[in-house]
Amino acid sequence: MKRSVLYIEDNEKIGSWVKEELEQRGFSVQWLFSGEGAEKEVNQHEIVILDIMLPGLDGFTVGKRLKKAAPAVPILLLSARTSIDDKVDGLQFADDYLTKPFHTDELVARLEVLIRRSGGTHSERISLGNHIEVDPEVQMVFDKRTGEEIILTRKQHQILMYFLRHPNQVLPKEQIYESIWEETYITGDKTLMVHIRRLRQKLERNPDSPEIIETLKGIGYRMKL
């Protein structure tokens, strides 16, 4: 089931980018250009992303009204303002505060934490192929045929979770490597390839003909969901 977001942002370029990124990662997004009418929509969603700089009513005013209309729905504030006073004012009603510019990985991580804390989503297992299940709440992997947990190394686990945050996306090997190892990828380095081969041995029914982690020759990888 898709996690539902109410997104209030008047900047068309930023809004289009965030909406597209979230939808690619499994969220359902309703995007409003202002806070007008937001109080009527907020209870239909699991979380609100709210920009502070809005036309008409500013984000602080809109946020307070949304929190009054739906106290249980968490609010994540977005703002280019970095002063402590602005953050303190925002956190009087909001549940988190993220300053611009930001990386979508951080945005998604914060959304997932807030939704989990609010009880807005339950631990639904994600199926990989017909034989693997991942429980994202406890971050455990199971073989559905036996019901047993599949034990992954730390790096294998990080790679798998990275794929799950980017389902069905073509991911360049350089991007995956630099996100997991947090260092610059050197052309020809086989480290990622070796880890993915070993991960496939644990997840795939036939590692030589993978169904879950697809190789795109000369580019990178894609996880099929």
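As an exercise: evaluate Ile115 against (1) farther than 25 Å from Asp95 by Cα; (2) out of contact with any helix residue (DSSP H, G or I) (no Cβ under 8 Å at 6 or more places or on another chain) and give the number of the one condition it does not meet.
It fails just one condition, (1).
Looking for whichever is touching a residue at least 12 places away in the same chain (Cβ under 8 Å) and within 21 Å of Gln24 (Cβ to Cβ) here; the options are Tyr221, Tyr185. Which one fits?
Criteria check complete, one pass: Tyr221.
Restricting to strands (runs of 3 or more DSSP E) lying wholly in segment 1-95: which have 3 or more residues that are surrounded by fewer than 19 Cβ atoms within 10 Å (Cβ to Cβ)?
By residue number, 27-32.
Hey, can you tell me all the residues within segment 132-144 that are part of a loop (DSSP other than H, G, I, E, B) and farther than 13 Å from Leu203 by Cα?
Result: Pro136, Glu137, Val138, Gln139.
Would you mind finding the one in Leu203, Leu216 that is touching a residue at least 24 places away in the same chain (Cβ under 8 Å) and over 30 Å from Ile115 (Cβ atoms)?
Checking each option against the conditions leaves just Leu216.
Does Arg165 meet the test of being touching a residue at least 40 places away in the same chain (Cβ under 8 Å), of a type outside the set (Ser, Thr, Tyr), closer than 18 Å to Pro136 by Cα and out of contact with any strand residue (DSSP E or B) (no Cβ under 6 Å at 6 or more places or on another chain)?
Criteria met by Arg165.
Run Glu148 past the list (1) of a type outside the set (Val, Ile, Thr); (2) more than 26 Å from Pro74 (Cβ to Cβ); (3) touching a residue at least 40 places away in the same chain (Cβ under 8 Å) and report the number of the one that doesn't hold.
Failed condition: (3).
Checking the structure you have, find out if any residue of segment 100-111 is open to solvent by less than 70 Å² (accessible area, probe 1.4 Å) and of a type in the set (Gly, Ala, Ser).
Taking every residue of segment 100-111 in turn, at least one turns out to be open to solvent by less than 70 Å² (accessible area, probe 1.4 Å) and of a type in the set (Gly, Ala, Ser).
Can you tell me which residue within segment 1-46, out of those that are basic (Lys, Arg) and in contact with a helix residue (DSSP H, G or I) (Cβ under 8 Å, 6 or more places away or on another chain), is modelled with the lowest pLDDT?
Checked segment 1-46; the qualifying residue modelled with the lowest pLDDT is Arg3.
The values are calculated or read from the model by the stated rules, or taken from the named source; none is laboratory data. For clarity, every value in this text was computed on a predicted model and none was experimentally measured. Positions of Cβ are generated from backbone atoms using ideal geometry, with glycine treated the same way; all protein chains shown enter the neighbour counts. Each accessible area value is taken on the protein alone, full model and side chains, heavy atoms only, with ligands, DNA and RNA left out. Shrake-Rupley method; radii C 1.70, N 1.55, O 1.52, S 1.80 Å.
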